[in-house]
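Before any comments, here is the structure.
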Amino acid sequence: MAEDRKSSTTIVLEAVQDLHAKEQIVTRETLAELTSLTLSVIDDRVGTLVDRGDILRVQRGVYVPAVQHPPARAMSKTLLADGWVKIEIGDTLLHLTPREDRMLATLQAGAAAQAIAIENGRNTAMLAAEQAEEIKRLRRRVAALEAPSDPKQVQLFETPCRASVPAANTSHFDCAV
């Protein structure tokens, strides 16, 4: 009779889940200690599990198991002419009075606000990344302008200017080129 032997990936995943369930911090060292696998095997298996989405890297060297939910079921909400509301979730059918519908909406308001906050955060992160890239690009351009290799460009930057104030109280600079 053949012995049922777990793969190293399964061993590491179960160790991550067990440590997390015991509210322990999951690191490669704690995994190696718990599983008796080498650090190189742990690193390889953790990388595979992260790539597959089975575990999440919450910060450098710290892991948690990913929450695994079943696939979402189809949902619909129907408002009937007499005020009743039908909500279908998969094979489940709910018949709600108008008041129950409002109560359910109140309960769901937090989830709706959270969904909006998540979407706003995602959009903000995308904009911040785009702006960071633009700032890098502009800094490279400014650095290139600050260190000209052409002597004519050096002269252009070192040309003295004198300020004068016309009668309309607007600043004016005269620079000799």
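Worth pointing out:
- Applying 0.36 nm per residue to the separation of residue 92 and residue 56 and subtracting their alpha-carbon distance, the gain on full extension is 9.7 nm.
- As a ratio to 2.2 N^0.38 Å, the alpha-carbon radius of gyration computed for the range 50-128 takes the value 1.60.
- Per-selection Kirkwood Rh - the range 8-65 (Cα, Å, 1 d.p.): 10.8
- Ordering 88, 134 from the fewest to the most neighbouring beta carbons within 10 Å gives 134, 88.
- Between the beta carbons of residue 122 and residue 18, assuming R0 = 41 Å, the FRET efficiency works out to 0.80 to the nearest 0.05.
- Ordered by the number of other Cβ atoms lying within 10 Å of each residue's own Cβ, fewest first, 92, 9 fall into the sequence 92, 9.
- A DSSP coil position with no more than 12 other Cβ atoms inside 10 Å describes the following trypsin sites (Lys or Arg not before Pro) in the range 15-116: 22, 60, 73.
- In terms of its Cα atoms, the range 1-122 spans 67, 45, 24 Å along the principal axes, sorted from long to short.
- Footprinting exposure proxy for 118, 89, 42, 11 (fewest neighbouring C-beta atoms within 10 Å first): 118, 89, 11, 42
Coordinate-derived values only; no laboratory data. Computed from a predicted structure; not experimentally measured. Don't worry about glycine lacking a Cβ; one is built from the backbone with ideal geometry, like all the others, and counts go over all protein chains shown.
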